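Reading through the structure tokens given below for one structure.
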Amino acid sequence: MPAFPHRRAAQCIATPCRPFASASSACLDPPRPVLVRLGMPLAIPIVMTFSACDPTGGAGMQADLMTVTSMGCHAATVVTGYTVQDTAGVEDFVAIDADHVDDQARTILEDMPVAAFKIGVLGDVETVAAVAEIVSDYPDLPVILDPVLASGRGDVFADDDTLLAIRELLLPQTTLITPNSYEARRLAALDDGADAEDAGKATMSLEAAAARLIGWGAGAVLVTGTHENSVEVVNRLFGPKSDDDNDKIVLIRSDSWKRLPGSYHGSGCTLASAIAALLASGMDLEDAVREAQDYTWQTLKAAFRPGMGQFIPDRFFWSRQTSDGPHVGQLSRSSVQ
């Protein structure tokens, strides 16, 4: 079996490394921390996550923690709520008081040099406002927003008031938002007067939904295709065009993968956290999206089913590979540059 990341870091390096090797890379090393010596103890990039506790370990705070760690970073986890759930679905959700969320985050921020923010379930309008104020105090840090509107079974985490607060307060500060197709359409249709459930199933094109989100202030939009009825899963990264262009957005890249059988718990958390970790390590956005998608697909390919419900991604799949086996499978991917 390959060595664990901390055992591979025999010497300090001053520039970010690639914590995960993509299918196109000749390097098959497992993830390792980015270490820098500044006359102080060794340090690794710190990602602050805002998410709810999932006792199954499949999604939420636990997924963020494992993913960020697997990508070679340190996770500072701010808890926004507690869930009662199993691998089949969520039975109850209790949001933590916004003041307590604020206290958790600011206490850490006064102590640790956070390099990126990843935002998941926030629970209510007050928490959205608190988190928006926190990230506004650190305008140079990347913000990855995973707008978790419902569980895989459809259990709702955010009402329309919370979604409006996210759009007004958080979206303009977001480096990248990572909705699935349902979430993209529902967020984009907030002003159309449609019922929340109908909005998510609307016929609005994903490009039009992304254009609205970018028009409302998002730096970029990665729309994932896991909820689409297609043979392959197609993810599309959209960004704004230059000011002198009449079109609002441009397709930066489009990536496709074979659709794996089964249903997965925590894939969106994994993708968003992986992107945040790679940005914290110094990658640019497009490279971070590419690497994080490769990593997430591998976690799903190696997923396991611990209960009677959904499969859970194996965020440490690379640690269970044999020394003779490949770390990365062959992906079918096309890119639009």
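The values are calculated or read from the model by the stated rules, or taken from the named source; none is laboratory data. This one's a predicted model, so the numbers in the text were calculated from it and none came from an experiment. Quick reminder, even Gly has a Cβ in these numbers, built from the backbone with ideal geometry, and neighbours come from all protein chains shown.
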With the requirement that a residue be surrounded by 24 or more Cβ atoms within 10 Å (Cβ to Cβ) and among the polar types (S, T, N, Q), what does the stretch 46-84 give you? T49, S51, T67, S70, T80
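What's the total number of residues in the stretch 98-113 that are touching a residue at least 12 places away in the same chain (Cβ under 8 Å) and either among the acidic types (D, E) or closer than 25 Å to D314 by Cβ (or both)?
Within the stretch 98-113, the subset touching a residue at least 12 places away in the same chain (Cβ under 8 Å) is 98-99, 101-102, 104-106, 108-109, 112-113.
Now narrow it down to the ones that are either among the acidic types (D, E) or closer than 25 Å to D314 by Cβ (or both): 99, 102.
Of the residues in that region, 2 qualify.
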Could you pull out the residue among V131, V94, V101 that is aliphatic (A, V, I, L, M), farther than 29 Å from E286 by Cα and buried (at least 20 other Cβ atoms within 10 Å of the Cβ)? V101
If you check every pair at least six apart or on different chains, which have Cβ atoms under 6 Å apart with a residue in the stretch 158-183 that is among the aromatic types (F, W, Y) first and a residue that is not in a helix (DSSP H, G or I) second? Y182/H227
Inspect all residues belonging to the stretch 85-96 and state whether any of them is among the aliphatic types (A, V, I, L, M), out of contact with any Phe, Trp or Tyr (no Cβ under 8 Å at 6 or more places or on another chain), more than 24 Å from Q293 (Cα to Cα) and part of a helix (DSSP H, G or I). no
Is one or more of the residues making up the stretch 245-267 touching a residue at least 60 places away in the same chain (Cβ under 8 Å) and within 13 Å of the chain's Cα centre (by Cα)? yes
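Test L141 against the criterion of being under 19 Å from the mean Cα position of the chain (by Cα), closer than 25 Å to L285 by Cβ, surrounded by fewer than 21 Cβ atoms within 10 Å (Cβ to Cβ) and not small (G, A, S), and give yes or no. Give the derivation first.
Numbers: under 19 Å from the mean Cα position of the chain (by Cα): yes; closer than 25 Å to L285 by Cβ: yes; surrounded by fewer than 21 Cβ atoms within 10 Å (Cβ to Cβ): yes; not small (G, A, S): yes.
Spelling it out, L141 is indeed under 19 Å from the mean Cα position of the chain (by Cα), closer than 25 Å to L285 by Cβ, surrounded by fewer than 21 Cβ atoms within 10 Å (Cβ to Cβ) and not small (G, A, S).
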Output the residues belonging to the stretch 185-227 that are assigned to a loop (DSSP other than H, G, I, E, B), at pLDDT 85 or above and either buried (at least 23 other Cβ atoms within 10 Å of the Cβ) or among the hydrophobic types (A, V, I, L, M, F, W, C) (or both). A189, M204, W216, A218, A220
